[in-house]
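What follows is a single structure, and I will ask about it in a moment.
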Amino acid sequence: MAAPSRRSVKLSKGERKLLRKQVKAQHLLLKHDGIATVSGPTQHLVIANGGLGNGVSRQQLLEVLQVFGTVEILLMSPNKPYALATFSTIQEARGAHNGLNGQVLKTDGSTQPITLYVNFVEKVVSEEISPLSLPPGLLVIEEVISPEYEKRLLAFADGSTDTKENVQRSLKHRRVKHYGYEFCYDNNNIDKDKPLPGGLPEICDEILEQSMEKGYVKFKPDQLTINQYEPGQGIPPHIDTHSPFEDGIICLSLGAETVMDFRHPAGHSVPVMLPRRSLLVMTGESRYLWSHGITPRKFDVVPASEMQKTGTISGDVSNLTLNKRGTRTSFTFRKVRKKPCDCAYPEVCDSQIGCKYTDPSPSVPTTDGDASELEHKYVHDVYDEIAGHFSNTRHTPWPKVVEFLKTLPDGALVADVGCGNGKYLGVNKDLFMIGCDRSKNLVDICREKKFEVFICDGLLVPLRSGICDACISIAVVHHFSTEERRLSAVKEIVRLLRLGGKGLIYVWAMEQEHNKVKSKYLMERKGKPVQSQANCAKVQTGNECSCINQDANKMDLTCFEQLPDIIKDATDKQNSAKLPVHTNRTSFDSQDLLVPWHLKGVKGHHKADGTSALQPEVKEHAVYHRFYHVFSNGELENLCRSISNIRIVQSYYDQGNWCVIIEKC
């Protein structure tokens, strides 16, 4: 018998609401993950809000699914807010579809109950996942000490008999004690001339002698850091500073297991399981080149199989579940270095490159004053420092910007707000173009080229309102550090335009791959592998970053009913976080970040006549950090739509940039 049409069935108010939520789930799944649902029943289901990203464990989901029949396949991807399941028969799947839609599920991994929405899909495919390899030089040794020795070490860590110098301190992410030498988090170093009295505690002799005997370390460590992590706490990704410590760092995990993430500068990461009473050994590349950190969260994604308790955690979505964290205490032992580091990784070695880093850990601004100060230090000052080198790398105008300028009528007055070295000021000789920039040194370069330019802030351009036929702002608005200031920058461009005048705005896009094509920014890695980073973008020698787990910002489907609260919560966390430092030529994983500019022995820039304009020679490899807010898809259009007297003529993506053409009306 044919199913009754929707017109012939009168639904209750609750049923209509459930249907709307189910349809919304279909649209979001298709939009964000490319999962297409089907109307007719199949053996295969997608369960929205039933994923690891929502705090639903494999065991918990299996319990509610198996009520309706035999589950042959259950796929749960890390951080995803949905799961895919296959039943033995269509009848069983239909029962789950009808019985689970709208069902409220309480989870240990979520602060609020979640509602499941179930749809049919054509098929569920379980792919073969190649196991990940540990970073070179990394070892995890299980059951390295006895449970009795573990109890004594934990009692010592919790004890209150320490000297004044070793008293426990509370950091934002954990509690910490130091022995032998105090580690200074202000400069990520130690004072080798000021050892702490007492040296390392005698209770550690057993594990140190064992590590020496097994060859895990070459020298007996003389510095100890004890960290205690409560569930939900972690440590940001970092590389232990090279200059203070020798090769060979060992870390003993006590009290609870956890997952530590290792990430290569190229962007690929390896999650590593650290069981209770295991010893982590970092030597060579894993110690000097890879960053390591523990994401602050209360649950880890781990293999569901009891067989795999250590090593790397693969992306095998047929064997993943959630593991609730406990209180973990770590004993990290190091050997203080007496000579400068001469490792094989000079690009990240503070002993070898002598990098002059600007402070890489400012916080996301919360006030206009903080924002202004941040931009002054991490935008204005930086561009003045790198002006010559920057100009040498900015010589080819982007074709679509040139196309916009070529379409303007002869004699049009055009303002280039944030003109940089003026590469667009001379592309159309039939226009009257004036440029402005906040950087005095870049403006000086423009003046050498005989352009009409002046110095000003993009938020306050000293020109009369409504005098420009067109304005361009190329790669400028993303340097403003709050949404209010970015909106003000666009409003200032609009103010300059006459009625009917057009503006062109370019900003960096967070999406560095569009329509399956990598941007030029990623393509220019000269053959190096390009893989997206996970969580924080921070990879920096010896510097600590406090940015939040960015996965939460990507889970648009986390809970269909609680989405506004989740977005607000993620925003509140990001506002209180420190800015991560981006790894160049990799995908962006945070919208607000610092992007390094490497300056190597630059002596000057070339004048228009081909001669060189000298600036003080940079003898060292200097690294400067520029603030960026990279725009997500649709964000620039939404910013423009909030301005009442303009319309969007065109919006497009151009080699890693989101772009709009606006018209004043």
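If you scan the stretch 469-489, which residues turn out to be surrounded by fewer than 21 Cβ atoms within 10 Å (Cβ to Cβ) and in a strand (DSSP E or B)?
D469
Among the numbered conditions (1) surrounded by fewer than 16 Cβ atoms within 10 Å (Cβ to Cβ); (2) part of a helix (DSSP H, G or I); (3) in contact with a strand residue (DSSP E or B) (Cβ under 7 Å, 6 or more places away or on another chain), tell me where R498 comes up short.
Against the list (1) surrounded by fewer than 16 Cβ atoms within 10 Å (Cβ to Cβ); (2) part of a helix (DSSP H, G or I); (3) in contact with a strand residue (DSSP E or B) (Cβ under 7 Å, 6 or more places away or on another chain), R498 comes up short only on (2).
For the stretch 501-522, enumerate the residues that are of a type in the set (K, R) and either under 23 Å from the mean Cα position of the chain (by Cα) or in a loop (DSSP other than H, G, I, E, B) (or both).
Result: K516, K518, K520.
Looking at the stretch 378-390, I want the residues that are in contact (Cβ under 8 Å) with a residue 40 or more places away in the chain and have a partner that is assigned to a helix (DSSP H, G or I) with Cβ atoms under 6 Å, at least 6 apart or on another chain. Which pairs are those?
Sorted first by the residue in the stretch 378-390, then by its partner, the pairs are V379/H479; D384/N441; A387/N441; A387/L442.
One residue is enough: does the stretch 89-105 have a residue meeting the conditions in contact with a Leu (Cβ under 6 Å, 6 or more places away or on another chain), in a strand (DSSP E or B) and at pLDDT 90 or above?
Taking every residue of the stretch 89-105 in turn, none turns out to be in contact with a Leu (Cβ under 6 Å, 6 or more places away or on another chain), in a strand (DSSP E or B) and at pLDDT 90 or above.
Which condition number in (1) closer than 13 Å to Y82 by Cα; (2) under 27 Å from the mean Cα position of the chain (by Cα); (3) assigned to a helix (DSSP H, G or I) is the one that H27 fails?
Unmet for H27, out of (1) closer than 13 Å to Y82 by Cα; (2) under 27 Å from the mean Cα position of the chain (by Cα); (3) assigned to a helix (DSSP H, G or I): (1).
Let me confirm something: among D240, D247, D222, which residue is of a type outside the set (A, V, I, L, M) and more than 17 Å from Y288 (Cβ to Cβ)?
D222 is the lone residue from the list that is of a type outside the set (A, V, I, L, M) and more than 17 Å from Y288 (Cβ to Cβ).
Please find, within the stretch 441-468, the residue that is surrounded by the fewest Cβ atoms within 10 Å (Cβ to Cβ) out of those that are touching a helix residue (DSSP H, G or I) at 6+ places or on another chain (Cβ under 9 Å) and of a type in the set (D, E, K, R).
The residue in question is R464.
N119 - would you say it is modelled with pLDDT of 90 or more and polar (S, T, N, Q)?
Criteria met by N119.
Restricted to the stretch 30-57, and to residues that are part of a helix (DSSP H, G or I) and at pLDDT 75 or above, which residue is surrounded by the fewest Cβ atoms within 10 Å (Cβ to Cβ)?
Among them, the one singled out is L52.
Restricting to the stretch 134-153, count the residues that are touching a strand residue (DSSP E or B) at 6+ places or on another chain (Cβ under 7 Å) and among the small types (G, A, S).
So the answer is 1.
Does at least one position in the stretch 457-468 carry a residue that is in a loop (DSSP other than H, G, I, E, B), within 30 Å of T366 (Cα to Cα) and in contact with a Pro (Cβ under 6 Å, 6 or more places away or on another chain)?
no
On to the next question. Out of the stretch 61-83, which residues are of a type in the set (F, W, Y) and either modelled with pLDDT under 90 or closer than 24 Å to K298 by Cβ (or both)?
Selection gives Y82 alone.
The values are calculated or read from the model by the stated rules, or taken from the named source; none is laboratory data. For clarity, every value in this text was computed on a predicted model and none was experimentally measured. Here the Cβ is made from the backbone with ideal geometry for all residues, glycine too, and neighbour counts use every protein chain on show.
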